[in-house]
1. Expressed as a whole percentage, what fraction of the accessible surface of segment 12-101 belongs to carbon and sulfur atoms when a 1.4 Å probe is rolled over the protein heavy atoms?
2. Relative contact order, percent, of the chain when contacts are C-alpha pairs under 8 Å separated by at least 6 residues?
3. What figure, in Å² to the nearest 10, do you get for the accessible area of Val113 with a 1.4 Å probe and non-protein molecules left out?
4. Under a 1.4 Å probe, what is the accessible area of segment 1-43 per residue, stated in Å²?
5. Sorted by accessible area (1.4 Å probe), largest first, how do Thr58, Thr86, Thr43, Thr133 line up?
6. Take Glu27, Glu92 and sort them by solvent-accessible surface of the protein heavy atoms, 1.4 Å probe, largest at the top.
7. Quick one: what does P(r) look like for the chain with 5 Å bins over all Cα pairs, in whole %?
8. In segment 56-140, which trypsin sites (Lys or Arg not before Pro) fall in coil by DSSP and have 16 or fewer other Cβ atoms within 10 Å?
Amino acid sequence: MPAYDPQNPFAKILRGEFPCQKVYENEHVLAFLDIMPRSPGHTVVIPKAAARNILDITPDDYAHVARAAHKIAAAAMKAFKADGITVQQFNEPAGGQVVFHLHMHVMPRHNGVALLPPASRKEDVKVLEDNATKLIAALG
């Protein structure tokens, strides 16, 4: 497996080099809205630890990501009046991973509404800001 690349986009977000619509942060994780959401409220949860994916993260660091994804999922159900939640986590190119910093996608779902294709469109910044406000309020 290749080594962790500290120049990946999520590492740059953690260092403040790339902007994001942050919705949750603690000493172990950062959660922010995906700029190319597959559903309204699509959130990405990442560890602050440098981990390429599930194959090289410590169990403790992974547990922090899972706990944060759980918290985001509950808040997203409320904030977006969702009927369900899809959580995805990909590992290595053959597993569908595109950004090589471990991350979990938390996507609010509504009955009868398909997810948009991955990376199909960049969301308007105002929509992302409004969705972040809703999610942050639901996180309370």
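The values are calculated or read from the model by the stated rules, or taken from the named source; none is laboratory data. Everything numeric in this text was worked out from a predicted model, so none of it was measured. Heads up, the Cβs are rebuilt from the backbone with ideal geometry, glycines too, and the neighbour counts pull from every protein chain shown. Note: areas computed on protein heavy atoms with side chains; ligands, DNA, RNA excluded. Shrake-Rupley method; radii C 1.70, N 1.55, O 1.52, S 1.80 Å.
1. Accessible surface attributable to carbon and sulfur in segment 12-101 totals 58 percent.
2. Here the relative contact order equals 31 percent.
3. Per-residue accessible area (Val113): approximately 90 Å².
4. Using a 1.4 Å probe on heavy atoms only, each residue of segment 1-43 averages 52 Å².
5. Numbers: Thr58 65, Thr86 30, Thr43 0, Thr133 90 Å².
So the residues, ranked largest to smallest area, are Thr133, Thr58, Thr86, Thr43.
6. I get Glu27, Glu92, largest accessible area first.
7. The calculated distribution, bin by bin, is 2, 11, 20, 24, 22, 14, 6, 1, 0.
8. Passing both the DSSP loop test and the Cβ count: Lys81, Arg121, Lys122.
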